[in-house]
Amino acid sequence: MKIALMTNNYKPMMGGVPISIERLAKGLEDLGHQVTIFAPTYREQQQEDNVFRYSTCLNRFVGGIVLPNPFDRRIEEEFKKNTYDIIHVHHPMLIGRTAVYLSRKYHIPLAFTYHTRYEQYLRCYTGNIMRYDSFMIAYLHTFLKHCDFVFAPTAGMRQYLVNRCNVDYERTGILPTGIEQGNYTVSEARGDEIRRRYGAENMPMLLTVSRMAHEKNVSFLLESLARTKELYQKPFRVLMVGDGPDREELSKRSISLGLEDVVTFVGTVPNDEIAPYFKGADGFVFASKTETQGIVILEAFAGATPVIAVKATGVEDLVEDGVNGILTGENTEEYAEKLVQFLRSVPERTVEGEERKNPMFQAMAENAFRTGMQYREEMVAFNALHYYNSIIEQKRAVEGQRKRTIHLLPRRV
């Protein structure tokens, strides 16, 4: 099968959508299928055989992303070089409109994955709630009519698409981001090396992996950690992995909250080097409310790391309170109190590096790993192919019925 994956952002940008596309492409290629990723141009990009780079209008746009040029004529020129079986687009705007055009012109089925709560992103950057919420729902409702099938990364987001965007349930399915096999097999020694690097051999170590941007709610997390420090009264370490437009501001905020001895801003860590961080951490802290799935949550689970997160759509589909993690409201006091309870359950480490087991913590870690195993990369790619085949067959049936109907229409004399 020949598959065109189309996106408004991709590597070297760090983010959930680029990671999801990269892993889906790899899984499909491992199963013997041909994949072409249509992605915008970046100054720091590396050459890849299966990636076609189209032009960019602005190198820096909202939140540090680029503004791609979906009107680049080379997109269609490249597209015509292959007889694609299906187009899978990952954004409703910009390249999304191009995907609709190519689908209709060449009669190729179009699938779309709803990765991003766009109305919430707009709300973060503009502060206007109702106008943009209504606009995005109206736009999505129109765009989704042109899609033969719509993927949601979780059951909760699937229900959102049906209820709020009026998508027929039969035209929707669940396709999460796959987690690479290497995430499940990291040794304890590699995790311990991360702990030693940041001086956390004999204290609890927490981790967050996120773009340092307003919509990720990192400032709330810092405020909650400051309150946690007051309540816990013992040493603990928090690693903040990731970069973004607000990193410098957040670093200053951390210092003003008195967290300089607790929080370390690590910066960007390449995808192929991130797994030991999850393995080494005792818990993963998360406060974003704009996720449709939260890939980093699944990566934490793959490292047998429980997640402490703010209740939100997408997150609640993965984190089961008290089973594989802890869910809280967006309240600093509540988050801090629950995080302190978690820290007190973390096994104590002796000077020799040995752990005193805690049954509650152990059960939560085991359940986290068990949840993560359900999202292995190869399983997601296999499910994608199953969906693709069904979409293609349905499209052919509809086209065949349309042609028969036209043929049977009475001719004018």
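Figures for the structure shown
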quantity: Simple label model, 7 Å out from Cα along Cβ direction - residue 138 to residue 174, nm; calculated: 3.3
quantity: Most to least packed among 74-87, 199-212, 276-289, 46-59 [average Cβ atoms within 10 Å]; calculated: 276-289, 199-212, 74-87, 46-59
quantity: Reach of residue 216 by Cα under 25 Å, taken over lysines that are not fewer than 8 positions away in the same chain; calculated: 11, 229, 252, 279, 289, 311, 338
quantity: Of the DSSP H helices in the chain, those whose Cα atoms cover at least 18 Å axially and whose Kyte score averages 0.0 or more; calculated: 16-30, 130-144, 218-232
quantity: Computed [θ] at 222 nm, helices only, for the chain once each DSSP H run of length n ≥ 4 contributes -39500 (n - 2.57); calculated: -13500 deg cm²/dmol
quantity: Using a Förster distance of 22 Å, the FRET efficiency for residue 378-residue 82 (Cβ separation, nearest 0.05); calculated: 0.35
quantity: Correct choice for log10 I(q)/I(0) by the Debye sum over Cα atoms at q = 0.09, 0.12 Å⁻¹ that was computed from the model, options [x] -0.88, -1.31; [y] -0.58, -0.98; [z] -0.76, -1.02; calculated: [y]
quantity: Under 18 Å from residue 145, Cα to Cα: lysines that are on another chain or at least 8 residues apart; calculated: 105, 395
quantity: Counting DSSP beta bridges with both ends in the chain, the antiparallel % (nearest 5); calculated: 10
quantity: Sequence ranges 182-190, 5-13, ranked by mean other-Cβ count within 10 angstrom, highest first; calculated: 5-13, 182-190
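Readers should treat all values here as calculations from the given coordinates under stated rules, not as data from a laboratory. As the structure is a prediction and not an experimental result, all values here were calculated from the model. Using ideal geometry, Cβ is built from the backbone for each residue, glycine included, and neighbour counts are taken over all protein chains shown.
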